[in-house]
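The values are calculated or read from the model by the stated rules, or taken from the named source; none is laboratory data. Keep in mind that this is a model prediction, so the values were computed, not measured. FYI the Cβ positions are ideal-geometry reconstructions off the backbone, even for glycines, and counts take in every protein chain you see. Areas reflect the complete protein model, heavy atoms only, side chains present, ligands, DNA and RNA absent. Shrake-Rupley method; radii C 1.70, N 1.55, O 1.52, S 1.80 Å.
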Amino acid sequence: MASYCFLVLAMCAAQTLCITIESVPGMDGERVILTELERTVSLVCFSNRSEDEAAELVWLRNGRMVALREGNRQGQSGVCIMPVIHQDNGATFTCRLRSNASVEASVTLNVTYPPIVSGSEGVWVEQASPLLLSCDTFANPPVSSVRWTLNGSAIDILAGRFTLTDDGFTSRLAADKAEKSKHEGLYRCTVDSPVYGIKSKDFLVTVTERTLKFPLMPIIAGVVVVCLTAVLAIVSRWKRISKCCK
């Protein structure tokens, strides 16, 4: 009977023992906090056993302990993420009792950010040399579309002998051998974000005549060898002439 009563008391204690987290900005029903890059997120953790020494709190970020100052652990504890960075997207912050790891609460960050697509860039490439244009598509949420145009018209991949790739981070438009008639002009990369709208970047490509490149270092080395050979030949010949004159 005594053991039964002890079990009932333990269950009651477990039911009343809890951890709660409040945040700015607030979280949704899934305990996800929506924020943006460079913003600040404040988290405050509360225990309903603040009068008990067992209520010391600890914070973890993706399972790794967060360093806390003295006085920021007992009964109530706060952490501040400032500024929010790319690596915070999807990060889970957990507050728990040091004495009982099963008593915890967690929140997850959803960090939104746009692709870095803006401005213009001048590109010079020699005739018959490789052409490569890169456009950033890294964003959260992911961009819904990426479009490339040349002089205002959709790019003909086959006619221009282009290769178009996109790994989710960068869209790359490439040609193995640049030709003035096919590849010179104004290129535009346009990305469409469901949150941040349409953004674009221009590339003004100029195809120049191919320049003849001399292998300078081998030429210098050859000249040095020839000069040294000539000097040694003269020195050797001079010794022979000197012997004959004696």
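Going through Thr94, Thr112 one at a time, which residue ends up being within 21 Å of the chain's Cα centre (by Cα), modelled with pLDDT of 95 or more and on the phi < 0 side of the Ramachandran plot? Answer to the selection: Thr112.
Just one of the listed residues (Ala139, Ala91) is closer than 30 Å to Val58 by Cα and either surrounded by 15 or more Cβ atoms within 10 Å (Cβ to Cβ) or among the aromatic types (Phe, Trp, Tyr) (or both), namely Ala91.
Here's a check for you: in the range 173-201, which residue that is charged (D, E, K, R) and surrounded by fewer than 16 Cβ atoms within 10 Å (Cβ to Cβ) is nearest to Val117 (Cα to Cα)? Show your work before the answer.
So the first thing to find is which residues in the range 173-201 are charged (D, E, K, R), and the list is 176-177, 179-180, 182, 184, 188, 192, 199, 201.
Then keep just the ones that are surrounded by fewer than 16 Cβ atoms within 10 Å (Cβ to Cβ); that gives 176-177, 179-180, 192.
Working: Asp176: 24, Lys177: 26, Glu179: 26, Lys180: 26, Asp192: 10 Å.
If we take residues in the range 173-201 being charged (D, E, K, R) and surrounded by fewer than 16 Cβ atoms within 10 Å (Cβ to Cβ), then Asp192 is nearest to Val117 (Cα to Cα).
More than 21 Å from the chain's Cα centre (by Cα) and modelled with pLDDT under 95: is that true of Ile219 in this structure? Yes, satisfied.
Residues in the range 156-179 that are out of contact with any Pro (no Cβ under 8 Å at 6 or more places or on another chain), of a type outside the set (D, E, K, R) and under 15 Å from Leu131 (Cβ atoms): 9 in all. Criterion applied to Leu150, Leu158, Leu131 was being free of Cβ contacts under 8 Å to residues at least 60 places away in the same chain and touching a strand residue (DSSP E or B) at 6+ places or on another chain (Cβ under 6 Å), and the one residue passing it is Leu150. Counting only strands (runs of 3 or more DSSP E) that fall entirely inside the range 1-66 and contain at least 1 residues that are modelled with pLDDT of 95 or more and in contact with a Leu (Cβ under 6 Å, 6 or more places away or on another chain), the qualifying elements are 19-24, 32-36, 41-47.
For residues that are outside any strand (DSSP E or B) and in contact (Cβ under 8 Å) with a residue 60 or more places away in the chain, scanning just the range 98-113, find the one that is most open to solvent (accessible area, probe 1.4 Å).
Step one: list which residues in the range 98-113 are outside any strand (DSSP E or B), which gives 98-103.
Those left that are additionally in contact (Cβ under 8 Å) with a residue 60 or more places away in the chain: 100, 103.
Values: Asn100: 56, Val103: 21 Å².
The selected residue is Asn100.
Condition first: within 21 Å of Asp202 (Cα to Cα), assigned to a loop (DSSP other than H, G, I, E, B) and open to solvent by less than 50 Å² (accessible area, probe 1.4 Å). Can you find one or more residues in the range 120-135 that meet it? Checking the range 120-135: at least one residue is within 21 Å of Asp202 (Cα to Cα), assigned to a loop (DSSP other than H, G, I, E, B) and open to solvent by less than 50 Å² (accessible area, probe 1.4 Å).
From the list Trp148, Trp124, exactly one residue is in contact with a Leu (Cβ under 6 Å, 6 or more places away or on another chain), modelled with pLDDT of 95 or more and farther than 30 Å from Arg61 by Cα. Which is it? It is Trp148. At least 1 residues being touching a Ser or Thr at 6+ places or on another chain (Cβ under 6 Å) and of a type in the set (Ser, Thr, Tyr) is the threshold, and among the strands (runs of 3 or more DSSP E) wholly inside the range 153-199 those reaching it are 170-175, 185-193.
Do we have any residue at all in the range 154-172 that's surrounded by fewer than 13 Cβ atoms within 10 Å (Cβ to Cβ), of a type in the set (Ser, Thr, Tyr) and modelled with pLDDT of 95 or more? Scanning the range 154-172, I find at least one residue that is surrounded by fewer than 13 Cβ atoms within 10 Å (Cβ to Cβ), of a type in the set (Ser, Thr, Tyr) and modelled with pLDDT of 95 or more, so the answer is yes.
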